[in-house]
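Here the structure comes first, spelled out in structure tokens, and everything after it is commentary.
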Amino acid sequence: MAAILACAVVAILIASMPKQKEVEPKFVFSYAENQPENYPTTLGARRFAELVEERTNGEIRIIVNAEGVMGTEAEVIAQLTYGGIDFARVSLSQLSEYIPKMNVLQMPYLYRDSAHMWSVLDGEIGDDFIELAQDYELVGLSWYDAGARSFYNSVKPITCPEDMKGMRIRVQESEVMADMVEALGASAWKITYGEVYASLERGTVDGAENNWPSYVSMMHDEVAKYWTTDEHTRVPEMQLCSAHTWEKLTEEQRQIILECAKESALYERELWTEREAASREEAVAKGVQVVELSMEEKQRFQDTMMGVYEKYCGEYMDIIDQIIAVGKS
Ligand code: GCU
């Protein structure tokens, strides 16, 4: 009896103790991401949100909405510019439709390899393009990795540019990507990311192009089994904040956000490297047929791109030259 009484007293005491005060966030912001939950860019976004909450002592909470639930990338960019969405990570292909000069950084066969692209993005050129976003109601925060993109299809192995002739290839909603595919003699079909699997499955298109992790995580490998490693583009991704959201923040909060974005990007890049190799292995184990192009054949793909460079980079050939020079240094 005495023991029961003692327990009751303790329970009453605990219940009457002052509760530890929960910090109410001053801001709750939205973050749009169109990849699945366990994808490197989504994990990078979650790391970003955690770091920001921790370093602002709970003042800023960022809710990451993955799997494209906030809309297509084009819609998300529009929302960022109005302040309807606070943060996002988007592919540069989509961003270039809104900021045409960004095309310079995603031209076909521009980078020698991943190290070349990172020397450019982590250097002055990359910083200039991050700043450029400011002229468009956007604040560039950091660069995320999205590897190299190659062609895949459901019809036949592509071993030379001639094999592309007449193929219907899905591209992002991007003019330069459409022109690139048409320069190879294929027809370009602009389809949003979430619709690609169904379009391949129904045969609306014969093929598409993307990086290994997207190919596998969106299950395109199940409906388009012929992959050709031509690595035509390296399309980096930018983490962005809406300028309307940015205006609400103090200088100290802005600095924290920038620093957390950069840290999350380094984390994402590490995850990316592991994921790229693992996705490729997984696809091959599932029976995907991979064509590796010889240097000569790859050069022939590249040779068809002259017109695309003239159309999109005519005014910016000096920057293209600088990017090429970084690759040689
Ligand atoms: C990549 C990129 C996405 C983009 C997609 C696409 O997966 O990370 O942001 O939407 O390519 O091809 O549309």
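Each value in this text was obtained by applying a stated rule to the coordinates, not by laboratory testing. Only a predicted model underlies this, so the values are computations on that prediction, with no experimental measurement involved. In this analysis, Cβ positions are derived from the backbone assuming ideal geometry, glycine residues included, and neighbour counts consider all displayed protein chains.
Here is how the numbers come out for the structure above:
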item: Fewest-first ranking of MET102, MET317, MET180, using other Cβ atoms within 10 Å as the exposure measure; result: MET317, MET102, MET180
item: Distance between modelled label sites at GLU75 and LYS26, nm, 7 Å Cα→Cβ extension; result: 3.3
item: Which of ASP163, ASP127 has the fewest Cβ neighbours within 10 Å, and the rest in rising order; result: ASP127, ASP163
item: DSSP beta bridge pairing in the chain, given as percent antiparallel to the nearest 5; result: 55
item: The range 170-207 versus the range 296-315: alpha-carbon centroid distance in Å; result: 19
item: Rough spin-label spacing in nm, given labels placed 7 Å along Cα→Cβ, for ASP135 and VAL284; result: 4.5
item: Efficiency of FRET between ASP318 and GLU173 - r from beta-carbon atoms, R0 45 angstrom, step 0.05; result: 0.95
item: The range 145-185, Cα convex hull volume normalised per residue, Å³; result: 90
item: Lys, Arg +1 and Asp, Glu -1 on Cβ, resulting dipole of the range 228-311 about Cα centre, debye, nearest 20; result: 200
item: At most 13 other Cβ within 10 Å, DSSP loop - GluC sites (Glu not before Pro), the range 21-92; result: GLU22, GLU37, GLU67
item: Percentage of interatomic Cα-Cα distances in the range 182-293 larger than 20 Å; result: 56
item: Cβ-derived FRET efficiency at R0 35 Å, THR204 paired with GLU247, nearest 0.05; result: 0.25
item: Hull volume in cubic angstrom per residue (convex hull over the Cα atoms of the range 52-93); result: 89
item: Highest-fluctuation residue, PRO157, PRO25, PRO213 considered, GNM on the chain with Cα pairs under 10 Å; result: PRO25
item: Cα Rg over Rh - the chain, Kirkwood; result: 1.09
item: Estimated 222 nm signal from helices in the chain, with DSSP H stretches of n ≥ 4 weighted -39500 (n - 2.57), rounded to 500; result: -14500 deg cm²/dmol
item: The range 182-317, relative contact order in percent, only Cα pairs under 8 angstrom and at least six apart counted; result: 39
item: Per residue Cα convex hull volume in Å³ - calculated over the range 101-246; result: 112
item: For the range 265-288 and the range 70-141, distance of Cα centres in Å; result: 23
item: Descending semi-axes in whole angstrom, ellipsoid equivalent of the range 246-329, from the Cα gyration tensor; result: 34, 27, 12
item: Neighbour-count order for HIS220, HIS232, HIS116, fewest beta carbons within 10 angstrom listed first; result: HIS116, HIS232, HIS220
item: Cα-based radius of gyration of the range 44-186 once divided by 2.2 N^0.38 Å, which approximates compact folds; result: 1.22
item: Extension gain, GLU310 back to GLU296 (0.36 nm per residue minus Cα-Cα distance, nm); result: 2.7 nm
item: Cβ-placed point charges (K, R +1; D, E -1), dipole of the chain about Cα centre in debye, nearest 20; result: 800
item: Radius of gyration and Dmax over the Cα atoms of the range 117-161, both given in Å; result: 16.6, 45
